[in-house]
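The values are calculated or read from the model by the stated rules, or taken from the named source; none is laboratory data. For clarity, every value in this text was computed on a predicted model and none was experimentally measured. Methodologically, a virtual Cβ is constructed for each residue, glycine included, from the backbone with ideal geometry; neighbour enumeration extends over all protein chains shown. Accessible surface is based on the protein model in full, side chains and every heavy atom, while ligands, DNA and RNA are left aside. Shrake-Rupley method; radii C 1.70, N 1.55, O 1.52, S 1.80 Å.
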Amino acid sequence: MKIKNNLVLALSLLVLSFSCSSDDDNHQQEPQGAYEDGMLITNEGNFGQGNGSVTYVSDDFSYTEQKVFFNVNGTLLGDTAQSIGFYDDLAYIVVNNSQKIEVVNRYTFQSVATIDSGLSNPRYITFLSGKGYVTNWGDGSNPEDDFVAVINLETNTVSSTIPVEEGPERIVTNGTSIYVAHQGGYGQNNIISVIKPNSDEVETITVGDVPNSMVFDNQGSLYVLSGGIPAWTENETGGQLDVINTSSNTVSATFGFDDNEHPSNLTYGESLYYTLNGGVYKLAVGSEELPTTPEIEVVNFNYMAIHNNVLYGVDAGDYTSNGTLQSFDLETNALKHSKEVGIIPSGIYFND
Amino acid sequence: MKRLLYILLVLGIGNFNVVQAQLDSIQKLDEVILSDVKLKRYASGFKVTVLKDFVLTKSPWSLTDLLRYNSNIYFKENGYGMVSSPSFRGTNASQTAVVWNGININSQLNGQVDFNTINTSNYEAVEIRSGGGSVQYGSGAIGGSVHLSNTLSFMKHTDHTVRMSYGSFDTKRANYGLSTGSNNWSVNAGIAYVDSENDYKYLGTDKTNKNGQYDNLSFNLNAGYLLNDHHVLKLYHQSFLGDRNFSGTLLAPSKSKYEDTNYRSMLEWGYFHKQYTSKVKVVHLLEEFKYFENKDAEHFSFGRVQSFIGNHNLNIKLTETIDLRTIIEFAKYSGNGDDFANPNRNAFSATALWRHQVSEPLIYGLSIRKDFTSDFTSPMVFSVDGEYRFSESYALKLNGSKNFRVPTFNDLYWNPGGNLDLLPESSYQVDLGQEFSSKFIALKLNAYYITTKDMIQWVPDNTGLFRPQNINKVTSYGGELELFLKHTIGNHHFNMNSGYSYTVSENDANAKQLIYVPLHKANLNFGYSFKAMEVFYQHLFNGEVNIIGGQLDGYDVGNLGLSYNYTISKNVHSILQFTINNLYNTTYENVALRPMPNRNYQLQLTLKF
């Protein structure tokens, strides 16, 4: 088994170096590992089935490798691969239902450590001042036990926890503060928690219902997209986009969607992009009104991200067979590439 | 007289030369002692396999363990003792009906029975009826049905059975059974308790099965009173209280807990006069679960359904050779729980069954049923079956039927996702069987074809919300072999029963074998006894299965047992039994990433007096 995995690694290294050397460019830099210059796709897998995985897709889509963690380390990644955070040369893979974080070298995927104590339904991770911050739902059925775990990156252990309100999900930082979007776990919530390093004080900002994605623009404003409360609750509310001034941590502008509109997947690349009803919409920074026509139509993205003016999205398909990664050129809005990835892809991470 | 009939009944089974008058009496007696007479009378063209108590006592009491080693049914068990669901002839977990004394007890919530919530020790026999049975048994009897029946014997007797067992993983089992009666009344009662730490080793790892503890209490009380030659009153009751922690997987730890509560009660009034038999049944079923995501926390989600059923059965012996039975049934189901409001459903069904013994070798049956349900339209279903007995040792059986499964409360009302526009699943099938038998050997060979459309499956809509839809069409076909051998040389008794099934079950959309349906499954039971000693061996071969995104390896598991019969005094018999389960210490997973137990031991003492 070990030999086989090393063989896979060696072969993939070979393939990569071959493709590099045949490429007649001036890149003389030694590759840092097989999984540089491409994307890491987290595939959640089916809850309880232990088929979470990471797929590597090279920048030009010419090379794809499924189940990277297993290929390199010989053990299955875990149950419900939720998200990845990068810190220096390391990738922190948050594996929700395995209640752990796998720490690997982001370029070679060699395992470095496993953090499997002190987490409870971990979701997303970010880093500030040499510490990791991980959102945790606690028990999904208990609205009182949610927290952000602080990770000591030297020892790879949970050093402390910060109690927060129900359903912390996405977590981002601008280098000063940490912003946590409370999507609400099994329920619905409508706040952003602001955490300052070395302080136990948690400030909250009220935004739209069910904040599902957050981005900073190049001016340092934080955009929070809320999906609104879904119709099945019989308490439906429409989506909302809130702009937060990060100096005062107050909402400076708000865009409202119709009551039956539930946008998601806010991302930023010169302009803001989000998905709504199978379309990708573009909103220029500083616009006063929400767009009415989509830039790209008929997609079903579970997640999307922009990199070098290319939009990447993952489609989970039927949730029981492999999903796909698609890329669109934002100059023309035309489909560039499409590649099969793993089961229920839900994250795209650029491993440059 | 009744006592004589009882003896005749026991001796008369399988004897074809019983005179007609006796047959009549036996039929009447069947009606008196059994609540599910349809299984005997209206199933000529179906394969019915009976597992008697000497088979039951060799298995560790759960219906999963019993059927896994003694039938063609394949089980998916989420780790030993956890939720267990059958796949009968390639069908899914909600397409096998479990019938308790004639009443379908599949959950109204999810359409299934968890076979680890049925303790077999309070039943004298378990019967497996292969093939479609919706006409007789209603929703879900598509692959087949499993029958749990209690018989009431109206003769003077009092028998006690005490059974105690202790085994690996601190597994304790205790059972007391009482059967007593006189000419006009009969009572049997049983109580069984099982408790296990269930902390077995995950072979090939340094882990053990954490959070797998379970205990359950099962109580049965059945009573009958013959008012006179024409009237009998009967009461059946069963309670099951289960408390299980749900073990995790190799990759996901668990701290969850699940509590099952089931109460099933039935009052039956039978009236017999000349060629008429009439039975009125009133049934109350209660199912309730509590799921604790964290067993140490107070938060749980729960669901409950109560069913009230009224049923009238009228059997008319039109001529010496023709029986007609009509059944009308009214049912009211009401649920409540955290994931849906307070849904109610009313159902009414009318059924007619016809059985005609054309000549001594030829019997056929025709039956038809129509359901009327408050939430959706149910199809008219029917069944045709026949048996031709070429000789005493060879018979041909054929049946064809249309069957259905109604959407469950979860499918209809679950919030979010419940879909009120669902149709029942409907299925056509045909099954051809051959049975050879002689003094030493019995062989059953069956081939079947089942096609089911409008299969209900939860699929994501364009917002990623999972909702049930009638989307799939599945075709299953295959062959089954069951072989029973019996031989005696002096004091040496040999017996064997074994089965093999070949099952193809494909989704029509992609022609791929469904997940968790093995192409091959085989089971073998071999017993040898000499005077008071008996040795038995059980073997299971379970072929590879498809799982989401891959395959799960097949496996072989064997169990070895030794028992010793000892007569303590004239009226007290004891059986001491020692069993080694997973004799070869096979590393295997029945469901992916959920390892099954390593080699383990069990000592059981049975006293009968």
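The strands (runs of 3 or more DSSP E) found entirely in the range B:77-173 that carry 3 or more residues being among the hydrophobic types (A, V, I, L, M, F, W, C) and in contact (Cβ under 8 Å) with a residue 60 or more places away in the chain are B:125-130. Quick check on the range B:446-455. Is at least one of its residues assigned to a strand (DSSP E or B), of a type in the set (K, R), more than 23 Å from the chain's Cα centre (by Cα) and within 14 Å of chain A (Cβ to nearest Cβ)? No, every residue in the range B:446-455 fails to be assigned to a strand (DSSP E or B), of a type in the set (K, R), more than 23 Å from the chain's Cα centre (by Cα) and within 14 Å of chain A (Cβ to nearest Cβ). On the given criteria, is A:F70 more than 9 Å from chain B (Cβ to nearest Cβ) and touching a residue at least 12 places away in the same chain (Cβ under 8 Å)? Yes.
Tell me, yes or no, whether the range A:286-302 has at least one residue that is aliphatic (A, V, I, L, M), within 12 Å of chain B (Cβ to nearest Cβ), under 21 Å from the mean Cα position of the chain (by Cα) and within 27 Å of A:D242 (Cβ to Cβ). Yes, the range A:286-302 contains a residue that is aliphatic (A, V, I, L, M), within 12 Å of chain B (Cβ to nearest Cβ), under 21 Å from the mean Cα position of the chain (by Cα) and within 27 Å of A:D242 (Cβ to Cβ). Residues being within 14 Å of chain B (Cβ to nearest Cβ), more than 16 Å from A:E166 (Cβ to Cβ) and among the acidic types (D, E) are represented in the range A:219-236 by at least one member. For the range A:145-199, which residues satisfy the criterion of being more than 22 Å from B:N294 (Cα to Cα) and acidic (D, E)? The one that is more than 22 Å from B:N294 (Cα to Cα) and acidic (D, E): A:E154. Look at (1) in contact (Cβ under 8 Å) with a residue 40 or more places away in the chain; (2) more than 14 Å from chain B (Cβ to nearest Cβ) and you find that A:E331 fails only one, number (1). Looking at A:T75, A:T64, just one residue is within 14 Å of chain B (Cβ to nearest Cβ) and β-branched (V, I, T), and that residue is A:T75. Return the residues of the range A:40-61 that are within 14 Å of another protein chain (Cβ to nearest Cβ) and part of a loop (DSSP other than H, G, I, E, B); say none if nothing qualifies. Correct list: A:E44, A:G45, A:N46, A:F47, A:G48, A:Q49, A:G50, A:N51.
Yes/no per residue for (1) in contact (Cβ under 8 Å) with a residue 24 or more places away in the chain; (2) open to solvent by 70 Å² or more (accessible area, probe 1.4 Å); (3) within 24 Å of A:F328 (Cα to Cα); (4) among the aromatic types (F, W, Y):
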| residue | (1), (2), (3), (4) |
| --- | --- |
| A:F255 | yes, no, no, yes |
| A:D259 | yes, yes, no, no |
| A:P263 | yes, no, yes, no |
| A:G279 | no, no, yes, no |
| A:T293 | no, yes, yes, no |
| A:V298 | no, yes, yes, no |
| A:Y303 | yes, no, yes, yes |
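Of the residues in the range B:427-439, at least one is touching a Phe, Trp or Tyr at 6+ places or on another chain (Cβ under 9 Å), closer than 30 Å to B:R304 by Cα and either away from every other protein chain (no Cβ under 14 Å) or open to solvent by 60 Å² or more (accessible area, probe 1.4 Å) (or both). Every condition in (1) out of contact with any Pro (no Cβ under 7 Å at 6 or more places or on another chain); (2) open to solvent by less than 10 Å² (accessible area, probe 1.4 Å); (3) on the phi < 0 side of the Ramachandran plot; (4) not aromatic (F, W, Y) holds for A:N96 except the one numbered (1).
Considered as a group, the residues in the range A:126-181 that are more than 14 Å from chain B (Cβ to nearest Cβ) and of a type in the set (D, E) include one that is least open to solvent (accessible area, probe 1.4 Å), and that residue is A:E169. Taken together, B:F440, B:F466 contain a single residue that is touching a residue at least 40 places away in the same chain (Cβ under 8 Å) and touching a His at 6+ places or on another chain (Cβ under 6 Å), which is B:F440. Of the residues making up the range A:99-118, those that are open to solvent by 20 Å² or more (accessible area, probe 1.4 Å) and touching a Lys or Arg at 6+ places or on another chain (Cβ under 7 Å) are A:T114, A:D116. You will find that of A:S346, A:S338, A:S321, the residue that is within 14 Å of chain B (Cβ to nearest Cβ), open to solvent by 40 Å² or more (accessible area, probe 1.4 Å) and of a type in the set (G, A, S) is A:S321 and no other.
Residue count for the range B:581-606, restricted to those that are assigned to a strand (DSSP E or B), surrounded by 17 or more Cβ atoms within 10 Å (Cβ to Cβ) and of a type in the set (A, V, I, L, M, F, W, C): 1.
Within the range B:546-571, the set of residues being in a strand (DSSP E or B), away from every other protein chain (no Cβ under 14 Å) and either open to solvent by 40 Å² or more (accessible area, probe 1.4 Å) or within 30 Å of A:G342 (Cα to Cα) (or both) comprises B:Y555, B:D556, B:L560, B:L562, B:Y564, B:N565, B:Y566, B:T567, B:I568, B:S569.
Taking first residues from the range B:516-545 that are free of Cβ contacts under 8 Å to residues at least 60 places away in the same chain and among the small types (G, A, S) and partners that are surrounded by fewer than 20 Cβ atoms within 10 Å (Cβ to Cβ) and outside any strand (DSSP E or B), the Cβ contacts under 7 Å between residues at least 6 apart in sequence or on separate chains come to B:G543/B:L519; B:G543/B:G554. Give the range B:383-424 a look and list any residue that's away from chain A (no Cβ under 14 Å), buried (at least 18 other Cβ atoms within 10 Å of the Cβ) and of a type in the set (F, W, Y), or say none. Within the range B:383-424, B:F404, B:F409 meet the criteria.
Taken over the range B:496-516, the criterion of being under 12 Å from B:N472 (Cβ atoms), open to solvent by less than 80 Å² (accessible area, probe 1.4 Å) and outside any strand (DSSP E or B) is satisfied by B:D508, B:L514. Among the residues of the range A:73-93, the ones that are open to solvent by 10 Å² or more (accessible area, probe 1.4 Å) and within 16 Å of A:Q32 (Cα to Cα) come to 5 in all.
Within the range A:195-204, at least one residue is away from chain B (no Cβ under 14 Å), open to solvent by less than 20 Å² (accessible area, probe 1.4 Å) and in contact (Cβ under 8 Å) with a residue 60 or more places away in the chain. At least 3 residues being over 25 Å from the mean Cα position of the chain (by Cα) is the threshold, and among the strands (runs of 3 or more DSSP E) wholly inside the range B:353-442 those reaching it are B:362-373, B:377-391. Checked against the criterion of being at pLDDT below 95 and out of contact with any Pro (no Cβ under 8 Å at 6 or more places or on another chain), the candidates B:N150, B:N222, B:N216 yield just one match: B:N150. Considering only the range B:488-515, state which residues are over 27 Å from B:I450 (Cβ atoms) and in contact (Cβ under 8 Å) with a residue 24 or more places away in the chain. Hits for the range B:488-515 are B:N491, B:H492, B:H493, B:F494, B:N495, B:M496. List pairs: first residue in the range A:313-325 and at positive phi, second residue β-branched (V, I, T) and open to solvent by 40 Å² or more (accessible area, probe 1.4 Å) anywhere in the structure, Cβ distance under 8 angstrom, at least six positions apart or on different chains. As it stands, the answer is A:G317/A:T324, since those pairs meet every condition given. At pLDDT below 90, of a type outside the set (A, V, I, L, M, F, W, C) and open to solvent by 10 Å² or more (accessible area, probe 1.4 Å), is that true of B:K76? No; evaluated as a whole, the condition is false for this residue.
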